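The values are calculated or read from the model by the stated rules, or taken from the named source; none is laboratory data. The structure displayed is predicted, hence computed values, not measured ones. Glycine also receives a Cβ, built like all others from the backbone with ideal geometry; neighbour counts cover every protein chain displayed.
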């Protein structure tokens, strides 16, 4: 399996090379040359597998430059009951991603937030930590990870990489824009290889700096810059697994179809669902849910993709989706345009000039129906009402992002009215968003005992302006060239 860039001007590379590269040298994102198709016989065999064995089966199709025995060991070390131990029902922790039915057989929530940072990002990031260490040891090399987070990617990356030999993490976060719990998870880490940088502005400003630095070929090579944001293909690949696992949990046989509802900001999570569907997983629809920052909803309704400036981006009560430039959207547009790298390159040149592009009326937009996307958005009052309703009607406590997903799912599919089961992908546990949960329910959500008092622990963070040269200087001063 080799990987090519969405912009068509980078050499095709095997998995381990793109794992360390992150962004392609032409500024594009890596995707496999083709998606492997899964037969019905194979799907039937996979239905009976544990989470780790299912992950191994899927990864084997994409990571064929890692010896099978080594890959199996990495996967088995990643997906364990001890790592994903925070299930709502502790006895189900071994399932890794338990499905909780709200309306039996019709509407459910797939738990994805049982890992160490209580967010779905752990599902991929724990694997990434083991993969990085494995490849770096094999190559006797090191890497300096530069990332940006809107709330959960940062802590998931840092918990996966903390204490790892040969790896440093430089994580940019928007100053004052995350919840107290999210900040504390990151900033309380005292490991020598973890550097937290709170930058002025919004997540998009931080993400733009990460991309700009990654596009500086000389700096990237000199300081061995890598990525853990979902621009890294391995992140998206790891997320494909739980779509298959969720499908198996919701169905009895492989002729059934399932609809997934996915809260989305940077388009990585739902991009994994798109790829699972391209592989042959019987997904009826992919329901994309945004918050007030509805750039993606606008595209799927109108064909116009209009990234917004930091001043136009709202600070909301579902902060991990406070994003107005969705990095992974480029991967989807690559597929939507028939993998036309020239077209994608032209479109993203417009984006880099701070312009919009409009595909309405084009043959590409007419193909949108083939990809089964529908969308909607949720506002603050919607998520408060949904959190309250889910608690009263279903006895479940949801975080604000998952509430956005449920609100749009009910709006699009109805409470059990869809002919297929509807599964809402959980974003995080409610404990990470105490203020919003207290507003909705009148009390703070419970949290695991080992995370009590997290916000009072000493914090290690530096505040900086959103200045590319300053960030480069900060990295250079701490990394031997």
Restrict the check to the stretch 40-51 and report whether at least one residue is under 22 Å from the mean Cα position of the chain (by Cα), outside any loop (DSSP other than H, G, I, E, B) and at pLDDT 95 or above.
yes
Scan the stretch 170-187 for residues that are over 19 Å from residue 437 (Cα atoms), under 18 Å from the mean Cα position of the chain (by Cα) and not in a strand (DSSP E or B) and jot them down.
186
Quick one: what pairs do we get from the stretch 251-273, first residue on the phi > 0 side of the Ramachandran plot and in contact (Cβ under 8 Å) with a residue 60 or more places away in the chain, second surrounded by fewer than 24 Cβ atoms within 10 Å (Cβ to Cβ) and assigned to a helix (DSSP H, G or I), C-beta under 7 Å, 6+ apart or different chains?
267/332
For the stretch 412-447 the number of residues that are surrounded by 13 or more Cβ atoms within 10 Å (Cβ to Cβ) and over 18 Å from residue 382 (Cβ atoms) is 12
Leading residue by the ranking (nearest to residue 23 (Cα to Cα)) among those in the stretch 219-251 that are at pLDDT 95 or above and out of contact with any helix residue (DSSP H, G or I) (no Cβ under 9 Å at 6 or more places or on another chain)
246
Yes/no for residue 190 being more than 21 Å from residue 470 (Cα to Cα), outside any helix (DSSP H, G or I) and in contact (Cβ under 8 Å) with a residue 60 or more places away in the chain
yes
Subset of the stretch 439-465, residues closer than 18 Å to residue 183 by Cα and either assigned to a helix (DSSP H, G or I) or in contact with a strand residue (DSSP E or B) (Cβ under 6 Å, 6 or more places away or on another chain) (or both), comes to 450, 451, 454, 455, 456, 461, 462, 463, 464
Could you pull out the residue among 289, 276 that is closer than 23 Å to residue 407 by Cα, buried (at least 23 other Cβ atoms within 10 Å of the Cβ) and under 17 Å from the mean Cα position of the chain (by Cα)?
289
Restricted to the stretch 253-266 and to residues being in a loop (DSSP other than H, G, I, E, B) and touching a strand residue (DSSP E or B) at 6+ places or on another chain (Cβ under 8 Å), the residue modelled with the lowest pLDDT is 265
Residue list for the stretch 15-34, filter: out of contact with any strand residue (DSSP E or B) (no Cβ under 6 Å at 6 or more places or on another chain) and within 14 Å of residue 234 (Cα to Cα):
15, 16, 17, 19, 21, 23, 29, 31
Against the definition (in a helix (DSSP H, G or I), in contact (Cβ under 8 Å) with a residue 12 or more places away in the chain and within 22 Å of residue 261 (Cβ to Cβ)), how does residue 347 come out, yes or no?
no
Here the residues within the stretch 292-311 that are surrounded by fewer than 21 Cβ atoms within 10 Å (Cβ to Cβ) and outside any loop (DSSP other than H, G, I, E, B) are 297, 298, 300, 301, 302, 304, 310, 311
Residue 128 vs. criteria in a strand (DSSP E or B) and in contact with a helix residue (DSSP H, G or I) (Cβ under 6 Å, 6 or more places away or on another chain):
no
Has the stretch 344-359 got any residue that is surrounded by fewer than 17 Cβ atoms within 10 Å (Cβ to Cβ) and over 28 Å from residue 232 (Cβ atoms)?
yes
Given (1) outside any helix (DSSP H, G or I); (2) touching a strand residue (DSSP E or B) at 6+ places or on another chain (Cβ under 8 Å); (3) surrounded by fewer than 18 Cβ atoms within 10 Å (Cβ to Cβ), residue 314 misses just (2)
Looking at the stretch 86-101, which of the residues that are assigned to a helix (DSSP H, G or I) and out of contact with any helix residue (DSSP H, G or I) (no Cβ under 9 Å at 6 or more places or on another chain) is surrounded by the fewest Cβ atoms within 10 Å (Cβ to Cβ)?
91
Whether any residue in the stretch 69-80 is in a loop (DSSP other than H, G, I, E, B) and surrounded by fewer than 18 Cβ atoms within 10 Å (Cβ to Cβ) is what I want to check.
yes
Among the numbered conditions (1) surrounded by 23 or more Cβ atoms within 10 Å (Cβ to Cβ); (2) modelled with pLDDT under 95; (3) within 18 Å of the chain's Cα centre (by Cα), tell me where residue 208 comes up short.
(1)
Can you name the residue in the stretch 466-481 that is part of a loop (DSSP other than H, G, I, E, B) and over 14 Å from residue 172 (Cβ atoms) and is also modelled with the highest pLDDT among such residues?
479
Just name the residue that is surrounded by the most Cβ atoms within 10 Å (Cβ to Cβ) out of those in the stretch 53-68 that are free of Cβ contacts under 8 Å to residues at least 40 places away in the same chain and within 24 Å of the chain's Cα centre (by Cα).
56
Can you report the number of residues in the stretch 350-386 which are in contact with a helix residue (DSSP H, G or I) (Cβ under 6 Å, 6 or more places away or on another chain) and in a strand (DSSP E or B)?
6
